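Remarks on the structure that follows.
Every number in this text was worked out from the coordinates using simple rules, so none of it is lab data. Because the structure is predicted, anything quoted here is derived from the model rather than measured. Ideal geometry is used to build each Cβ from the backbone, glycine not excepted, and the neighbour counts take in all protein chains shown.
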């Protein structure tokens, strides 16, 4: 069976990672997973939130948002509604936890990095693209900080790399990196965040229609590790290339 | 190795399920997982939200909240702060999805059930106790509606049962049903929601300190299925007993 | 004339006061006035709000809330609505003022007690049950603080005791401690807060249907003092009994 | 003992009632109790809130607010803070209940009157001045509606008149109509709302410092009835005079 | 062509400026432009917002609001809605910028003046009346501060005077100081803020129906300068008169 | 005198207009004025807001927002703060009014177009770039609607074209299209919106430091008309080119 867009079940969509997209941010990446496009910026500032002052440790946090017309039907702005929805909260927290899993706070020192992930166009997998892009933006912000002598010499705040991908079962077939049309038809949908060496940071699986069996779960996990490993390679390649700006 | 409270690694805390706790709600349960106590009420009303009118289908949703002094340190009320936090949003959505996984909307007809899960005392595992208790409250509300002739004859809106438990790795050992002290020390923390026949509805695993390997994940999933199966039995026992009110 | 539940006009509903209900709070009471059940917790913390720092005086405040399904018809959560309603504000302020009337701020020292009164089940008189229960929780928190050496030796922050009860005129008859059904039918409704020695802390009378004459007001005040005195005795009895936890 | 401003204990401050203050509102009154000035407007509109449609009955509601510099120290605007405070809520509700006590909803028909009471300058007794002025604005709006043939012929929506005054004990002496300086020093503070024939609509007494005895309460009530009766006369006089606009 | 109210095209409405309206504020003015009445208070406080501390410079800011029934149809209160509308924001900012244009922050020293402009009755031109009145209130607050020795001797924080007026094209004719009925019919509407010597502080012109040509713009600017000059004279006259309070 | 970026005083920055940027929106443009980049999407939907139903007329509105790290220093998200700031409100309203000035509501029929202008990178002139880009997006949405037969045949909802530019006086020299560094140093700052035939839709001039004279205003208006005319040509060129998507 071939997929809507002609991919094989275990194939990622075309991924592009454009570094240095913004002239202002310390790290910035426009990442695309097919038609999903997310602008990820990393803002590095000296100092930490009040509850962490004097600890000698840094902080990393994330905020996710969608432009109102990133989707097929226009959504109301959360700023206009005056409140952040549950989905936005949930994804912002997931991105923050995922990135923090590869950060050594002591090595970062009392500095803060805020990762803003704004979805410019959505076609499924926005949170996984956001995590994958945010890692590259974070790495660039760390490099910037080192060049500015804002980090203690000889310390590496990044303990590894992190990437994420969605997997799901559509019409009985396990698929990697679902586009929107596949996502809405999926019986089971899972987002998996892995480190570059194939270990798990987050596993979030949801039965959309019918509960799933252990064997299905195992197949999906295999597929996800495969996808994350491939994304880790793409991240490394991007980081070894000169930024566009 | 024995646990803080003397349990074996694969042992649940004492679970109590007190039905008919509230005189007003169509279904109500005070559930405890050890010192964690959650009041779950099911409010059954005729009619559905506007976006579902005329569909012939019902709706089930959930709201989770903690009393300010349910925890060791008093937390601010979200009503006073004027906004719901990300954690509350996330858990409310999880409970709603979990319960909907065992509901046949057509059989429910155009009726709505709201599940309120209010944590009166917290000692770890509040969301898993909430899901487990909410199922029993939902079952009671369905029974009430059938007695009131609010359901079509011969239809069963519940397609199965659902329960949830936390699992985690503490000091290298996989443990079932973490209490608060174990939870804060866990390297990996996972909440698993299963149907009564051992299939998965939700799997949410998070590496708190270090990423986890596939083998660890497999062990945790085994443990969780074990716990959920035991909880399913306790739910059935409770439902076969006359309610206390 | 006998009342809906068989009581005489000047009879309280059965009152239970269960101390030590919560394992976390410094004082905690589950109080019931018939089917009205309120969980009152007292959270004692060192320090005072900024506007009181350096004064040598403490602070006592209260927050009242109802669980959504405490009532016959489910009410929306104020946290979800994003704002606190006028009734909640009004009652929180009443509870705070009532408790402060028996507190010597100097003797309390720069410490704060927050009284949370959460209505688990409502059947009329929730605010009066809350005040009556909160006093017991406050007394327990003071005892706890003394044992922890957080109070200056030889000082007693409580200058008396406080309790509250509702009275009203239903079908021309003055009644003590209205249940919900009586409350909705009352021509006049009054909440009275008294100290243990029968003096007044708060008197709040409202003509629901027709204005009331001075003679009616006088009868209601007599009835309220009677009820408060009886509640003061029940509070003392409870405080002299070993807590359940 | 003479008072701060030379009055006798049972003397009101100078009261002025200026009708027709606004060119837009159906009824409008600028009332002053000494230096307290409140602009009361009555907005009459055909139709009722949704929950009352088809009942054949009208609705009357009130909103109270203070200009930021009505007081000695500037207060933050509640619109800027994004939430209404407890005090504002409490007073708005009190004004609404007080005015509704003299309204026959059937005679009003399905029409709504909103009473806006905005304090332009505060010197104690703002809520009692608001109630007293709002009654006159309401009476004018009813007259306007009758002239416009918006009321059923031969029906009188007003069943009586209503006025309010504060009383309190300052330095052991019961005083009528407290100004701000007296109010802050009062041991006991009471707001009383009466109908023109001297019956009670609302009684709200608070012990600010020490609980008060029954005898004190009785004296205060006597004083309040005296004041309200005098205010009722002033209202009638104002209503019999041609409006200034 | 004569105007609705009989004025010539280049004629202002009757303007009254009543100083010392409030007993509490350091400066206060009730200004009327015809039936438009705005209460402007200036609150002088020592100290500046945190971001300006230690700069040796002062701050001036403004807040504009309308009473709900200032207009022909009652508007909802922004405090009740929980958010400030765009129009209110826009006008508050305009008033603040306009007044700041004649303030020397160094001469003001680390002091803050808040200008509250509350529209009691609206009939077009509320923002221009607010600016014109706020200037007089500000001048009075500065005089008050000098008398209290809160300003450095020999320094004058006001570098000039400021006034504002609306102009517009109605049925092809350029008019000065539009009343509400003219405003709603205007093809082009402009608000102009000028210093006393006829220079521009703000020019805000909007084509309501059809875009306007340069020649029309030039005529409107001429008219506006004329009006602002006349208002500057009225401000000076008012300031040379003894205040009413 | 040459400018920071080498331009002459009357020279625009390089302008690019990339149509068809988004796969979902009916019209979408990524516009850049130098380093200022704004994503403008036009969402066309059948139907109008409730207050306009049955009028036979359409509606056009706009929302402006900045990504948090569009600027040199990260700004807080308005969705997280829970309220929209005055500047955002002001600009959204300006964009909406500007676009509506070239719309014939009758010809549009009962359809709504929402223009979302999200600033991806800011370097001065974000509101003028937003208006200029939004016009092109609107034109594309109208073309889309005509192709879908959603417009009445033979009707043209656009009555002209609209573009905007900033002008200002920096160090005494009038300049066209200020970049951020020029903007912060400007003594006077003006935003001008013109139709393609050189008439004015909006003129908003502000004296940042010192009030400006009529002669300066005249020079700035000349410069602005020049810039808008040039932008109108660039808009037409872009619309005659095939979209990139």
Ratio of the Cα radius of gyration of the protein assembly as shown to 2.2 N^0.38 Å, where N counts its residues: 0.98
Packing-based exposure ordering (other Cβ within 10 Å, fewest first) of F:234, F:108: F:234, F:108
Beta carbon of chain F nearest to the axis of the rotation taking F to C, residue and angstrom distance: F:82, 4
Helix-only [θ]222 nm of the protein assembly as shown, DSSP H runs n ≥ 4, -39500 (n - 2.57) each, per residue, nearest 500: -10000 deg cm²/dmol
Within segment E:49-93, backbone nitrogen closer than 19 Å to the virtual label 7 Å beyond the Cα of residue E:110 toward Cβ: E:49-61
Segment D:1-86, relative contact order in percent, only Cα pairs under 8 angstrom and at least six apart counted: 13 percent
Across the identical copies, how the residue B:45 labels are spaced - nm, sorted shortest first, 7 Å along Cα→Cβ: 2.4, 2.4, 3.5, 4.2, 4.3
Copies compared at residue A:150 - label distances in nm, ascending, label defined 7 Å from Cα in the Cβ direction: 4.0, 4.0, 4.5, 5.7, 6.2
Calculated label separations, residue C:171, copies of the chain, 7 Å along the beta-carbon direction, nm: 5.3, 6.7, 7.1, 7.1, 9.2
Segment D:170-245 versus segment F:9-58: alpha-carbon centroid distance in Å: 62 Å
For segment E:97-119 and segment C:90-105, distance of Cα centres in Å: 41 Å
Nearest-ten-degree value, helix A:214-240 long axis tilted from longest Cα axis of chain A: 40 degrees
Residue exposure sequence - B:40, B:117 - by fewest surrounding Cβ within 10 Å: B:117, B:40
FRET efficiency, residue C:171 to residue C:10 (Cβ-Cβ, R0 22 Å, nearest 0.05): 0.90
Cβ-Cβ FRET estimate between residue F:143 and residue B:149, R0 fixed at 56 Å, reported to 0.05: 0.50
Gaussian network model of chain E, Cα within-10 Å springs - most flexible of E:37, E:23, E:106: E:23
Computed label-point distance, nm, for sites residue A:242 and residue A:45 using a 7 Å Cα→Cβ extension: 3.3 nm
Angle between chain E longest axis and helix E:86-100 axis [Cα atoms, degrees, rounded to 10]: 60 degrees
Chain D: angle of helix D:126-147 to the longest principal axis, Cα-based, in degrees nearest 10: 20 degrees
